[in-house]
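The values are calculated or read from the model by the stated rules, or taken from the named source; none is laboratory data. The shown structure was predicted, so the numbers you read here are calculated from the model rather than taken from an experiment. For neighbour counting, all protein chains shown are included, and Cβ atoms are generated from backbone atoms with ideal geometry for every residue, glycine included.
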Amino acid sequence: MDHPGRRPPFDVYLPRPDAPPPLRVSHLQDGQVIVVGGGQRPGATAEAIAFDDQGPRWANPALQQLLAHLNTRGLPFQYQPHLPDAPAALMAWWQETGQLAGSYRELSWRGPGDWLLTRIPPPQRGVLGWTGPQPFGP
């Protein structure tokens, strides 16, 4: 995870070994935010929430409002390192550009059935050399 401008250590929640992962925002798919519960098994969709998928996702106010709402409901955002416009990446960028003032939680997998939650605070200029937001994307 790369979170420029945020000072480690982060607040991390390590569950007991047999605990199932919480309901979480997983990814975006064809104008829908996919919310899943349980483990990493394929087809674990709990809910697909539609949004107006017009234009670049990082500049989509409908998507930003929906993800902010899910954040206020306490849902974590699953870390998806191979998806450049994954919900967790969008939340981090919106923080960096001042469009999201608060923290969000990120769920990461360390292995099958082995997950953790990390609270991602907003960045601060100067922390670890961060000079401000960069254009969205890898």
Qualifying positions in region 1-51 - at pLDDT 80 or above and charged (D, E, K, R): ARG6, ASP11, ARG16, ASP18, ARG24, ASP30, GLU47
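Identify all residues within region 68-96 that are surrounded by 14 or more Cβ atoms within 10 Å (Cβ to Cβ) and not aliphatic (A, V, I, L, M); write none if there are none.
Filtering region 68-96 down to residues surrounded by 14 or more Cβ atoms within 10 Å (Cβ to Cβ) leaves 68, 70-71, 75-80, 83, 85-96.
The answer is ASN71, PRO76, PHE77, GLN78, TYR79, GLN80, ASP85, PRO87, TRP93, TRP94, GLN95, GLU96.
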Note on region 99-125: residues part of a loop (DSSP other than H, G, I, E, B), touching a residue at least 24 places away in the same chain (Cβ under 8 Å) and either out of contact with any strand residue (DSSP E or B) (no Cβ under 9 Å at 6 or more places or on another chain) or among the hydroxyl-bearing types (Ser, Thr, Tyr) (or both) are GLN99, LEU100, GLY102, PRO112, GLY113, PRO122, PRO123, GLN124, ARG125
Among (1) touching a Lys or Arg at 6+ places or on another chain (Cβ under 8 Å); (2) within 26 Å of PRO56 (Cβ to Cβ); (3) not polar (S, T, N, Q), where does ARG119 come up short? (2)
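Could you please let me know if GLN124 is more than 10 Å from the chain's Cα centre (by Cα) and farther than 18 Å from HIS3 by Cα?
Numbers: more than 10 Å from the chain's Cα centre (by Cα): yes; farther than 18 Å from HIS3 by Cα: no.
When the stated conditions are applied, GLN124 does not pass them.
Is it the case, given these coordinates, that LEU90 is touching a residue at least 24 places away in the same chain (Cβ under 8 Å) and either part of a helix (DSSP H, G or I) or more than 18 Å from THR118 (Cβ to Cβ) (or both)?
Working: touching a residue at least 24 places away in the same chain (Cβ under 8 Å): yes; either part of a helix (DSSP H, G or I) or more than 18 Å from THR118 (Cβ to Cβ) (or both): yes.
So LEU90 passes the test.
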